[in-house]
Every structure is written in structure tokens, then in C-alpha cells.
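To start, the structure itself, in C-alpha cells.
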Amino acid sequence: MARKAKTAPSARAAYEAAMARRDVTAALGAYARLPPDEKQVAAPTLGPIVRSTVTDAHRKKKWEHLRVLAAEVQGAPDLLTVPGSPEGTARAAWPLLWAAGSFDVAARLAPLVSAWLGGAHPRLARAVEAWVKSSGAPEASLLPDLPGLDSHAPPKPRPPGKGLRVKVPLPATPAEAKGAVAALYASLGWEAVWDVVGFQWLPGCGAAVADVLRCEVVRWGVHAALDPSRGGDDRSQPLVYAATCALRATSKAAIRDDVMLMIRLALAARTSGRVATEALQRALLAAASDPALRAIADDLAAGLAPPEKVSAADVELLHEHWTLTRDARLWSVAIDWWRILRQAAHAAYGLLDVPPWLLSWTREIAGDTDYWRQQAKDSQRCESTLLALLSLGTEEAVDRFIARCWDLVDDRAKRRVAEHEADLLTEEPEDDGFAEDSFMSFLNRLTGRAREMSSGSFARRKRLSPKLLSRHERLLLAEVDASDNAAEARDVIERFYRGGGTPRIAAEAVAIAARDASNAYTHLIGSDLVVRFARDVDGLAVAFTGLLTYNVPTPLVLRFAKTLLQADEVLPGPRSTKTAAAITSAGSLVAQHTKPRAPKAPKAPKAPKAPKAPKAPKAPKAKRAAAAPARPSEALPPDEPVVRTQQPHARRRGGSDG
Amino acid sequence: MAEGPFAVLGIAPTLDLGAVKRAYFAALPRHPPHADPAGFARLRGAYDALQSPTARASLTLSAPLDLAALWAARAAEAELAEARAARVTSVELLRAQERAERFTDVLRALTLDEAVTLVPR
């Protein structure tokens, strides 16, 4: 009661405010909340205003406003009632009936109309009543003949395809489904079958009915494709839809013959057009989803020729096929098509990004030993697929391929890859339309691997890419620390040294050797480093700077400095600031260590030996250290002075390769 | 030119082994082994060739595609007759729907006075 008492004043205030600003909709909302006694007072004022607003909105065809008014008025029909005039009431309720927007609202308003209409115009009253009761779909015989409504006229022609929206009741059982699709086909044609079944029935029916519907769509799709009045792409379009349904149908055996016929039709109708290609691919996809037809679908798909104009969707369909059957031959086809697409895109509007699904697919294929074993049987095919892998291989994919499958590739293919690399080196980078930089880098890495394999020096060692090396630097150092013996440590260092393609990484390896391996070994790989970069002034400069940073025995650094100075003389050319600085410091280091010694003073005649003084007692070690600063050369054998320019731990801060 | 196994059996290419069997046993009385050994051998050869699913599939794919014959065969199927019978129902349904839509479109635009004038009693 208290709540009611509280609501009434606020409803009254809202009602009065709405009336003051002549907002009929708000007034109706507030009116609904008024207590009955106040409604009786308000109705005579509000009623005429509502009726005139309705008439006005109807005249102006404001259907949305009328719909809102109908929703408000349905709870207060007394506002439409004209005292003593049922005709006036019907006249006010009529527009709201048609604009109600919902048949529930219309059903509440209908009695206001039919109270008068039933007596005055029984035929119209019956039609309106049937219309409301059947939710807008009464029997045709109950509707009166209106001008322009000829009961014998055929249904209006409708545009075929997706624009078609026919409301046909959903079949409830599989038996009904079969007949309903046949009826649709017979009365409206193939487009209606696809449209009604695909968009109206399939989403709302049970699994059994849906399966029959799909099988029926396949049947009528094939039927439409056989139609002699159709040709080319027009014939293939039904096959596209039919194959889509066939892929999702669970009764594969029921449509097996239809799927085969679909493939035959698609093969026969194939004109390399877009739709024809899609039809064939989808038909093969549908066949691949049936275990009994999978092998034949794979064989056909693996031999597919590219369509006239390859689209990304065509390539994606190959991927979809592969996800069903995992037949790696499809990847080769997809890559061929992708290259064509990419070339076309390059000619038209620039480079095309490789889609993520193609990259991940390539990654999987790169590590698929079974596939590469198969490929290795045919050197030519192996070579072309290898080049295809390179053309879009990600670094990870190529690493995987090298780690697992490189040994499977025959020598001829390896040689061809190397030749291809040489060809590419002489070409302009933009001629081919591919991302040549990455292609070249992958080729380089592969041919580098090929050389290693042929020399046999690293046949059993895992190869690491420079990028991975920088990431694994810490790990390698930890490996060196964890080595049980010097040979093992050397092995780790050598792997690090050989794997690194840049002077900086190689210099780091030498530095680690200086710290952890024997002097002889440090000299060995240090000398190798000098030879390796002898013709590369910048590389030597970077390595020299790197060696200066670390605790490397001076003779090695000196040798490096000399080589750098020689290379600078022999190979003239513009030098970067860093290289010039390195050359200067190499010059000063060499000068410092080759300073001519002052001529020795002539030997004085030997003095007779003085008797030995008795030995003083030895001071403790710590005291000795404090008394005299240690010389760097003390830690090493007498022939190996050390250049110490920085603390050992500072070495780890250098991240770049120069 | 040698006839394909499906043609020997007198059936359209199919993957259905049951259909192959039925066709074989239907043709057998026409080529009894004792009376027509050559015909029987041909029939038996075709039947044997179609035993494996892969063979049926590849022979189906390689069989010549006579679109007109296929269309005729399809059109003659019982489903089409069924569709024709169902057509009446379907068209009636559409016609009723069409009329209802038109009825709504016409009447909603009229006032009650105009509607009663338009619709005969």
C-alpha cells in the first residue's frame, strides 16, 4: 500500500508534465501507472488527444510511431473508446491494428475493430479475424478479392538467388523433408532449393531431417548441373552448393554416386573459370570427406592444374582438403598456385602477404620426413618442392627442414638449389615478385649446409642459425661450463664458432676459448678466424674490436691487428666510422708492441761473484699482493702477455654483431 | 573399341556394388556359359573388374560422360514425378502467402472508411 501511495504522486506528476509538453507517448506511459480513480479522471482528456494523434500518424504514414502507440494503448483500450459510437472506436483502432508490429498486440486491438465491423461488413471482419488468428497467413479463400489481388494469378516472379525469401513451413520428419525439397525444386527451381533449405530450414531442424535435406540438396544440385539449358559457370554454381552440402552430410554412402557424378561433371565442365574450379575443388573436398573416395580425391587434387585466375580462396580450399586427408602432395600444388597468385598480385598492386595458415602448413610440411622421403624418389619434383619451400619458408620451417629432412634430399637437387642461388644473385631483386631477400638468405643457408655436408666436417653436428645462436649464447656458455673435459668444451665452442655467421659471434667464440680452452686451441680457431675474414675489412674490424673487449692473448690480437692493417692497405674503399676507429686502434697496438728496443749497453766485464746473503723469511701471499700491483702477464705463460682493456664480465653486455 | 565394364553390364557408372551384382545376375541368363562362352566371359570379366571399390571409382571417373543421357535418366526418376505432384501444394502455399502479404499492404494504407468502401460486403 505504501508503495502504491508513493508511486501515485510521481505517476501523476509525470502524467501532468507529459501533458504540459504535449508528449502523448510519455503521457500514455504515465497514465498506465495511475490509480484507477485517477485514470477515470484523466481518460476524457487523454482519449481524444490519443485518437487524433493516431489519425495524424496514419495519415503521415509514421508506422514506427503507430507501433509505439499501439504497444501503449493495448493496455488501456478505453482511451480509444468513443462514448456511444462503436464506429468511432473501430476507426481509431484500425490503423493501430495494422501497425501493431506483433500479432499479440494486434489480437488485443482486434475486438475494438470487429465489434462494429462484424455487423456492418461481415466479409471484411472475417478476413481481418483470420489474418490476426493465423498470424498473417490466412487461407487464400478467406481473403476478399481486392483490386489487384487476382486469385488466379501466378505468384509474383522473384529474383533467383539470395534475394529469394520464401516462407515455406519447415519439414518435421525425414520423409517430409524429401518431398518438400522436391516440391521446391519443381515449383521454384534450384535457386529456391538452395536458398530455402540452406537459409531457412537447415538452421532450425533436427539432425535427421538436416541430413536428409543435405542429401536432397546434393541430388537436386547434380540434377541442376545436368540441365542442358545451363552452360559453363552457370552449370557449376549448383555443384558448388551441392558439394558444400555433401561435405557436411553424414550419410556419405547415400550420396556417394552423386558425389562421383559431381566430380565427373566438374571435370567435364571445367573451363578454368572461377566457379568451375571452385566446383571441382569442392566436389573433391566432398569426396575426400568420404573414406571410400578419399584416395581418388587426393590423386585428382594432387594433379590439379591452376585455374586461369588463381584466388586465395582456391589455395585455401587445397589447405582445407589437406586438413581432411593430410596428403602432403596438396602442399606442392598449393605453393605452385600461391606463386602464380603472388606474381599476379605483384604485377597488379604490389606484394601479397603470406597468410598465417599457409605459413603454419609450410612449417608442418618442412618437418614431414615421410613426405620428403617420397619426394626424394623423384629428383626433379624434389627440387621444385624444395625451391617452393624456400620461396615462402619461414626461418623456423627451414630450420626444421634442415634438422630433419636435408639428408633425404639427393645431390642433384642440392646442386640445383645452389645453381638457382647463383642465378638469383645475378638477377635484379624485384624481377620475380617474391621476397627475394628472405629467399636468398634461405638459399644461402641451405647451400652452406650443402657444403658442410659434402665436406663431412659437421655431418653429425646440429647446425644453428645465427639468430638462434644469439638467443642460445647463454646456454652455450653454460654448456662450456658444464663440460666434463676439455675436448667436450672444445666441441661446444667449435659448434658455436662454426655456427655463427658474423665476425662478432666468431670473436665471442674465440674469447670463450681463451677463457675455457687450451691456448693451443685458442690459437687454432683464432688463426682460422683471421683467415675467415681476411678479405673482409669490416668483418675484421668488428672481430678485432670484439677481441679487444675480451681477455684474449695479445699475440692473437696483434696478429689480428696486423691482418686488419694489411687488409686496409690491400682493399681500399670507404670505411665506416667504426671500422676507421678499429683500424686506428689496431695501428697503435701494433706500434706499441713493435717499438724498437733501446740498444743494449755493452756488457760490463763480469765482476767476481759475491758470497750469497742469507735468505730472508717469506712474506705471506696476501701481503705480497698488497705490496706490489699484479702484472697482467703473470696469469699466463711467459710467452703470452694479455691485453686487458675491460673486465671479463663486461663482455656479456655487447649484444650486436657489429 | 572395347566396351567398358559398366557398358557390358548395361548400367550407368556407379560405386554401388549391389547395383553391379544386380546387373550381373540380370544379364547372366542372356549369356549362359554353356551356350555363349564368349559372352559369359565378357560378362564375368566386367563383373570381376568392378569388385574393388578403387576400380569402380576409377572406372566411373573415366567413363564417358553423356550429359543428355544422364539428364534424361535423372529426369525420368521417380523423384521428379513426386516433385511435379508436390508442385501443386507448393504453389498453392506460395499463392496464399502472396495474397496475405498483398492484403496487409493494401489495407494498412487505408482508413477504415476507405477499406469498407473497397471491400464488397
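Quick notes on this structure:
- Some residue of the range A:79-87 being closer than 18 Å to A:Ala43 by Cα, in contact (Cβ under 8 Å) with a residue 24 or more places away in the chain, away from chain B (no Cβ under 12 Å) and in a helix (DSSP H, G or I): yes
- Only residues that are within 13 Å of chain B (Cβ to nearest Cβ) and not in a loop (DSSP other than H, G, I, E, B) were counted in the range A:226-235, giving 2.
- Long-range neighbours under 7 Å by Cβ, at least six apart or interchain, first residue at the interface with chain B (Cβ under 8 Å from one of its Cβ atoms) within the range A:168-186, second polar (S, T, N, Q): A:Ala183/B:Thr89; A:Ala183/B:Ser90; A:Leu184/B:Ser90
- Any hit, the range B:78-91, residues being facing chain A (nearest Cβ under 9 Å), among the polar types (S, T, N, Q) and part of a loop (DSSP other than H, G, I, E, B): no
- The one condition in (1) at pLDDT 85 or above; (2) in contact with a Ser or Thr (Cβ under 9 Å, 6 or more places away or on another chain); (3) under 25 Å from A:Glu64 (Cβ atoms) that A:Gly136 fails to fulfil: (1)
- Residue check for B:Leu59: under 30 Å from A:Asp56 (Cβ atoms) and assigned to a helix (DSSP H, G or I): no
- For B:Val106: the one exception among (1) among the β-branched types (Val, Ile, Thr); (2) within 11 Å of chain A (Cβ to nearest Cβ); (3) surrounded by 19 or more Cβ atoms within 10 Å (Cβ to Cβ); (4) free of Cβ contacts under 8 Å to residues at least 40 places away in the same chain: (3)
- Among the candidates A:Val209, A:Val259, A:Val222, A:Val218, residue that is out of contact with any Gly (no Cβ under 9 Å at 6 or more places or on another chain) and either over 29 Å from A:Ala305 (Cβ atoms) or outside any helix (DSSP H, G or I) (or both): A:Val209
The values are calculated or read from the model by the stated rules, or taken from the named source; none is laboratory data. What you are looking at is a predicted structure, and each value in this text was computed from that prediction instead of being measured. Positions of Cβ are backbone-derived with ideal geometry, glycine not excepted, and every protein chain shown enters the neighbour counts.
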